[in-house]
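The values are calculated or read from the model by the stated rules, or taken from the named source; none is laboratory data. A quick note: this is a predicted structure, and the numbers were derived from the prediction, not measured. Here the Cβ positions follow ideal geometry from the backbone for every residue, glycine too, while neighbour counts run over all protein chains shown.
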Amino acid sequence: MKKNKGFSLIELLVVISIIGVLTTVLVMNFVGSRERARDAQTIQNLNSLKNALRMYYNDNQSYPTNLSGVLGASGYVVDLGPTTTYFNYLGGGDSFVVVEMLEVGAGNDDVRSQVNCGVGPTLDKVYAVCAK
């Protein structure tokens with residue numbers, strides 16, 4: 001009797017379908033990781049801007065009333081995040097508030113940042129830094 005060596009067509013199809021499902025799940029997970037990384041970079045850039053504005057205050061005893069690239073009364077275009085470039089700056093005198101949209105949000109940190117800065121109503125996927 002001769003023994004057949006190898007895999008049957010059904011076995012091959014099952015293995016290929018399992019690999020396909022695993023690949024789909026992993027790719028979707030990686031896409032979310034990129035968005036979270038961009039949000040983390042945006043938050044880091046906002047905190048750096050906050051520190052720069054505080055240093056400006058230490059030198060000039062007031063916050064700047066405007067920034068370069070004016071869009072309107074309180075909107076400015078700068079490169080704070082890899083994907084979002086619009087933020088609101090309400091500054092001058094002794095205070096400032098900077099608000100930026102995030103892609104997927106920062107859990108409770110985004111809402112907490114708005115509460116700390118007195119921004120209301122609180123919105124999901126929005127991060128705020130201020131002069132507090």
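Results, tabulated for the structure shown:
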| quantity | calculated |
| --- | --- |
| Check on S68, in contact with a helix residue (DSSP H, G or I) (Cβ under 9 Å, 6 or more places away or on another chain) and either modelled with pLDDT under 75 or closer than 21 Å to A37 by Cβ (or both) | no |
| Contacts under 7 angstrom Cβ, first residue in the stretch 96-108 being over 18 Å from P121 (Cβ atoms), partner polar (S, T, N, Q) and in a loop (DSSP other than H, G, I, E, B), 6 or more apart | E103/T83 |
| Subset of the stretch 93-132 (residues that are more than 20 Å from E35 (Cβ to Cβ), in a strand (DSSP E or B) and of a type in the set (A, V, I, L, M, F, W, C)) | F96, V97, V98, V129, C130 |
| Only one of I10, I43, I18 that is exposed (fewer than 10 other Cβ atoms within 10 Å of the Cβ) and assigned to a helix (DSSP H, G or I) | I10 |
| Any hit, the stretch 53-60, residues being of a type in the set (F, W, Y), at pLDDT 85 or above and within 27 Å of the chain's Cα centre (by Cα) | yes |
